[in-house]
Amino acid sequence: MFHYAPGRGGTHAVAFLAGYRGRILQCDGYGAYDALTGIDRPEGPWVLVNCWTHVRRRFVKRLEHDGSPIAEEALRQIAALYAIEASVRGFGPDARLAARREFSAPIVAAFRPWLEAQLSRLPKASALAEDIRYTLGLWPGLGRVTEDGRLELDTNPVENKIRPIALTRKNALFAGHEVGAKNWAMFATLIASCKTSDVNRSTTSPRRSAPSLTAIRKAGSRSSCRGTSERRQAAPHRGRARRLRCFAMKASLMSTPSRRTRPPF
């Protein structure tokens, strides 16, 4: 579900989640989500489950830029977690939890002291030290996948849905009005829901057919046969005929295959 908010503060997340009775919130490491854990709710405070992919990306960047052996070893341990997940993908929560407790939990338990040991050897201002501190700061949320078989290791399924919107982020600056942005979010939700449910959007949404050129010509000929005073009164109709003509021309161009590649709008 897509939602528009004028900012990124925690208050917008609280407003968006109002009425939701669940407790688990799987998210990235954005600091605004931390405030949700302190909200008094009948269902209990929010429980954050953090994303291993966001952690992995930082070490990938360090390996590519600096060739760090520490980053390489960190990626090797994270890859072992993903290999375990691949072996139980498609299984029920109980089977996934059993595999995680047997194989993933020991890796996660050993990974934290290893990171702390590497951090003690690095300069505090180094980029790799910052990445390790980021990872350790999310540790409670990263380790929760070993406690619940319903959880995912990352937020990749959600990110794949929002990627088309994120790629056009600069275009979104010209939504024009907050109401337009909210409508944009509504249609994005509808389209994403159709994709997820394998629904053909072109067959489920009614389309208004364009008027035929014959009807437009008749409308124009009727207005041209009137007298001077009648033509003044018929001016709106002539304007309407011109608009219909332009609409029909545009519709015919859109329905005619072209060799040129047009943007998918």
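Here are some notes:
- Label-zone membership for the range 65-92, site I107, 7 angstrom Cα→C-beta point, backbone N under 18 Å: 70-91
- Computed magnitude of the charge dipole of the range 16-86 (debye, nearest 20; Cβ of K, R +1, Cβ of D, E -1): 100 debye
- Förster radius 35 Å - calculated FRET efficiency between D34 and V199 (Cβ-Cβ, nearest 0.05): 0.40
- Spin-label model, R8/T189: points 7 Å from Cα along the beta carbon direction are separated by 2.3 nm.
- For the range 35-51, Karplus couplings with θ = phi - 60° (6.51, -1.76, 1.60), whole Hz, Gly/Pro x: 5, 5, 6, x, 7, 7, 10, x, 7, x, x, 5, 10, 8, 10, 8, 9
- By the beta-carbon count within 10 Å of each Cβ, the least crowded to most crowded order of I39, I70, fewest first, is I39, I70.
- Overall form of the range 30-136 per C-alpha gyration tensor (a/c, 1.5; a/b vs b/c): oblate
- Each of W114, W46 was scored by other Cβ atoms within 10 Å of its Cβ. Listed from fewest to most, they are W114, W46.
- Residue order for Y4, Y134, fewest other beta carbons within 10 angstrom first, comes to Y134, Y4.
- For V49, nonlocal amide neighbours, meaning residues 5 or more places apart or on other chains whose placed amide H falls under 5 Å from its own, are L25, Q26, C27.
Each reported figure results from applying straightforward, stated rules to the coordinates on display, with no laboratory input. Just so it is clear, the structure is predicted and the values come from calculations on it, not from any experiment. So basically every Cβ, Gly included, is an ideal-geometry build from the backbone, and we count neighbours across all protein chains shown.
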